[in-house]
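Visitor: Sending over a structure as structure tokens; questions will come in a sec.
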Amino acid sequence: MDINEIIKWGSLVALTIHNNLTVFIMRYSKILPEQYISSTAVVCAEICKFAISLILHIIFRVRELGSIKKYNLKMLVNELFGKESDALKTLVPACLYLVQNNLQYYSMTKLDPATFRISSQIKHVIIAVFTVVILKRRIYNHQWVSIFLLVFGIILVQFSKGDKTTSSLSSQDALINKSLGLLSVFITCLSSGFAGVYFEKMLKKTKVSPWARNVQLSLFSVIPGYIIGCLIIDGKEIREKGFFSGYSRWTIYSIMCQTLTGFIVVIVIKYADNILKSFANSISIILGCIAQYFIFGFDITFTFIVGCFIVLYSSYLYGKPVKQKRYKYGLIEDNKENMEELKA
């Protein structure tokens, strides 16, 4: 196994573990008596991503050049925002990720956790469609089956732990909240799916380093995030209570987790792809439920076990080797890219 394969599967394992840790920390930070303003946490996370990505980019570039004296501010600015950097193209995923991050907080206030998790599984199909449309990548029949099996398995897992608490809202208010929540989840999945595939294309089709891309992505998220989220939407509340109102150590942990997510996702997209990232996310949901069994006494039902097996089988099915066919030019996979490479 080469170094790229090690990084690929190592990053997927890290993403799986990290997702569960993030969910537990974020949930705990949001149930504390004194609440922080979500838009400020999103902006703080992006600032941290920007600073760390900038430092990592400089470190790796200096190592490539062999001396810090060979690297200067002009070279840095040119690499990040020069003509060949395609920096403006990063505005698209940056703004979409910003929408996603803020809508996630909004969705969680309108929907119970089970409904949120069930409805958000549509993102796997959306990512697969965008992968075909944008990346022109072929998804084989057995892989389409595995994607839909994945969604079905996660739905079973989530239904097995449905929310049994009763709502204090009237039926009409509850219906409005649920409708708004489902709409925001759909927009979140749509923006996340498109942004993820678009960003994957940027990482794999250009020579710009992933750390430079992360600098661009974070910077273009901070500016609109602060202006729209902190000044326009939550400006009044921030002026009254303060930017860091309600912050606790758990808020800091939550911001740190969101910051780390950005780096893990970049590595996963660089060395794997968005669909494998979706499978890692789904497996993390199952591991999260198992963790809840030991920590919070979560009741593991027969439906949950069936859902787990379906998700695990879908992961195996997606990674199953594609049968090769013999053509005039030799034994190759049935896709246009290989044919063109062989003819060349």
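The values are calculated or read from the model by the stated rules, or taken from the named source; none is laboratory data. Bear in mind the structure is a predicted one, so any value in this text is a computation, not a measurement. Heads up, the Cβs are rebuilt from the backbone with ideal geometry, glycines too, and the neighbour counts pull from every protein chain shown.
Visitor: If you take the residues of segment 183-219 that are of a type in the set (Val, Ile, Thr) and within 16 Å of the chain's Cα centre (by Cα), which of them is nearest to Val92 (Cα to Cα)?
Guide: Once the filter is applied, the top-ranked residue is Val197.
Visitor: Suppose we filter Ile52, Ile59, Ile25, Ile7 for residues that are of a type in the set (Val, Ile, Thr) and modelled with pLDDT under 80; which single one remains?
Guide: Result of the check over Ile52, Ile59, Ile25, Ile7: Ile7.
Visitor: What number of residues within segment 29-82 satisfy the criterion of being touching an Asp or Glu at 6+ places or on another chain (Cβ under 6 Å) and surrounded by fewer than 12 Cβ atoms within 10 Å (Cβ to Cβ)?
Guide: 0
Visitor: In this structure, is Ser191 hydroxyl-bearing (Ser, Thr, Tyr) and modelled with pLDDT under 80?
Guide: The answer is no for Ser191.
Visitor: Go through segment 198-234 residue by residue and tally those that are of a type in the set (S, T, N, Q) and part of a helix (DSSP H, G or I).
Guide: 4
Visitor: For segment 66-83, give me each residue that is hydroxyl-bearing (Ser, Thr, Tyr) and modelled with pLDDT of 85 or more.
Guide: Tyr71
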